[in-house]
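To keep things clear, I will list the structure first and then write my remarks on it.
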Amino acid sequence: MCEVIVKNILVTGSAGFIGFHLTLHLLQMGLKVTGVDALTDYYDVELKKKRLSILQEYSSYQHTTIRLEDKKKLLSVCEESQAEVIVHLAAQAGVRYSIDHPNEYLDTNITGTFNILECARITRVKHLLMASTSSVYGANTSLPFDESQHTDNPLTFYAATKKCGEIMAHSYSHLFELPITVFRFFTVYGPWGRPDMALFKFTQCILNGDPIDIYNGGEMYRDFTYVADLTQAIILLLERIPRRTLENDYDENASSVAPFRIVNIGNSEKVKLMDFIEAIEDSLHMKAKKNYLPMQQGDVPATWADCTLLKNLTGYQPQTHYSDGILEFVNWYREFYFHSI
Ligand SMILES: NC(=O)c1ccc[n+]([C@@H]2O[C@H](COP(=O)([O-])OP(=O)(O)OC[C@H]3O[C@@H](n4cnc5c(N)ncnc54)[C@H](O)[C@@H]3O)[C@@H](O)[C@H]2O)c1
């Protein structure tokens, strides 16, 4: 476990999949955490409430249910918390949903993120860390993706709003000398995961005897990141506060005009979707009925993270093998929904 000097953190999206894991880890390390989450109904609110009830067992956890768009209330929560660091994870996530529901992405990911930048500016936090996504690499075909690649051609509105968050953050970092780290996450999975994501849906369908939808004839590759590895990487990055890179004062991959950097967090492994599915079948001891479909609109055939920068900054590299991570998820799923392993 890393040495953390920061003691008081505000996490947005704390009832969400990644926010829950991160917050729990921070609380277990003895830190004070203020959580902000609107418990939106994008997916099962009961799952979010259950995560929240676990966090609320800690007296060092303080929760507020508000939307990020409510700037006045958000600012008062930030001020009252006296947090030294903000980790901004709340978002309207999901690639496919953004095709039919763009407004939700605009409100949360752009207006909400702008409000977080404002709160960070006003309260002068030591470090703002915020989540972006591998989706910003769009249709880039040069694999693995590294942070210096061109990301101006998003394929979905979700990716466009996350990219917008990145560039708004750079301008705030420059204008107000606000230290900001942006993470680009690659397909995160694990216990307490999101019901709209493949692992959750596939597990549910296989157990119900329903067919699973496999796009692009299964010719899909993802860099799957186990959630405990991801939270460990975030915790290590909390104290890697970027400095603007000046001549004779090089700070790894930081902007030359702002205390700002972007860091990929992935497993650095390109896994074929069919191998991932086979590992789910093995964990469940059941075979999936497979429904092969063409490529979906906005989808990309492959993602793969170059995590050299993360390794250079923290000495750490996520490495849970997907078959181990899937087994952890399946055990959690059986226990949570059927009280059996
Ligand atoms: N899970 C992944 O594979 C993945 C991959 C790339 C990037 N990300 C990013 O990581 C972050 C966390 O994702 P996640 O998988 O935990 O998603 P999640 O949907 O489980 O969590 C997001 C949380 O934000 C809350 N929220 C949504 N809109 C809000 C609003 N307007 N105000 C306040 N709260 C709001 C939701 O209630 C939810 O609990 C997001 O920024 C997402 O874009 C996730």
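Some observations on this one:
- Looking only at residues of the range 148-181 that are open to solvent by 50 Å² or more (accessible area, probe 1.4 Å), more than 16 Å from the ligand (Cβ to nearest atom) and touching a Phe, Trp or Tyr at 6+ places or on another chain (Cβ under 8 Å), we find that the one that is farthest from Ile262 (Cα to Cα) is His174.
- Close pairs from the range 192-210: first closer than 25 Å to Gly13 by Cα, partner among the hydroxyl-bearing types (Ser, Thr, Tyr) and open to solvent by 40 Å² or more (accessible area, probe 1.4 Å), Cβ under 6 Å, at least 6 apart: none
- Selection from the range 33-49 of residues that are under 17 Å from Leu22 (Cβ atoms) and either without any contact (Cβ under 8 Å) to a residue 12 or more places away in the chain or in contact with a strand residue (DSSP E or B) (Cβ under 6 Å, 6 or more places away or on another chain) (or both): Val33, Thr34, Gly35, Val36
- Residues located in the range 254-269, provided they are charged (D, E, K, R) and more than 21 Å from Leu327 (Cβ to Cβ): Arg261
- Scope the range 83-101; condition away from the ligand (no atom under 11 Å from the Cβ), in a helix (DSSP H, G or I) and either in contact (Cβ under 8 Å) with a residue 12 or more places away in the chain or not acidic (Asp, Glu) (or both); matching residues: Ile99
- Candidates Glu57, Glu104, Glu80, filtered to the one that is more than 17 Å from the chain's Cα centre (by Cα), among the acidic types (Asp, Glu) and within 11 Å of the ligand (Cβ to nearest atom): Glu104
- Residue within the range 275-286 that is β-branched (Val, Ile, Thr) and part of a helix (DSSP H, G or I) present: yes
- Yes/no for Arg240 being charged (D, E, K, R), assigned to a loop (DSSP other than H, G, I, E, B) and open to solvent by 70 Å² or more (accessible area, probe 1.4 Å): yes
- Residues of the range 287-325 that turn out to be part of a loop (DSSP other than H, G, I, E, B), under 21 Å from the mean Cα position of the chain (by Cα) and not acidic (Asp, Glu), as a count: 13
- Count of residues meeting criterion [closer than 26 Å to Tyr43 by Cα and either away from the ligand (no atom under 11 Å from the Cβ) or among the small types (Gly, Ala, Ser) (or both)] in the range 107-128: 2
Yes/no matrix, rows are residues, columns are (1) touching a strand residue (DSSP E or B) at 6+ places or on another chain (Cβ under 8 Å); (2) open to solvent by 60 Å² or more (accessible area, probe 1.4 Å):
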| site | (1), (2) |
| --- | --- |
| Ala228 | no, no |
| Met286 | no, yes |
| Trp304 | yes, yes |
| Gly315 | no, no |
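- Complete set of residues in the range 182-223 that are open to solvent by less than 10 Å² (accessible area, probe 1.4 Å), away from the ligand (no atom under 16 Å from the Cβ) and at pLDDT 95 or above: Ile206, Ile212, Ile214
- Test result for Ile235, in contact with a helix residue (DSSP H, G or I) (Cβ under 7 Å, 6 or more places away or on another chain) and either open to solvent by 30 Å² or more (accessible area, probe 1.4 Å) or of a type outside the set (Ser, Thr, Tyr) (or both): yes
- Flag for Leu74 being free of Cβ contacts under 8 Å to residues at least 60 places away in the same chain and either of a type in the set (Gly, Ala, Ser) or within 10 Å of the ligand (Cβ to nearest atom) (or both): yes
- Residue, nearest to Glu239 (Cα to Cα), within the range 95-127, restricted to residues that are at pLDDT below 95 and buried (at least 19 other Cβ atoms within 10 Å of the Cβ): Val95
- The listed residue being hydrophobic (A, V, I, L, M, F, W, C), assigned to a loop (DSSP other than H, G, I, E, B) and open to solvent by 20 Å² or more (accessible area, probe 1.4 Å), out of Leu68, Leu39: Leu39
The values are calculated or read from the model by the stated rules, or taken from the named source; none is laboratory data. Here the structure is a predicted model, which means the values were calculated and not measured. With ideal geometry, Cβ positions are generated from the backbone for all residues, glycine too; neighbour counts draw on all protein chains shown. With ligands, DNA and RNA removed, areas are computed over all heavy atoms of the protein, side chains included. Shrake-Rupley method; radii C 1.70, N 1.55, O 1.52, S 1.80 Å.
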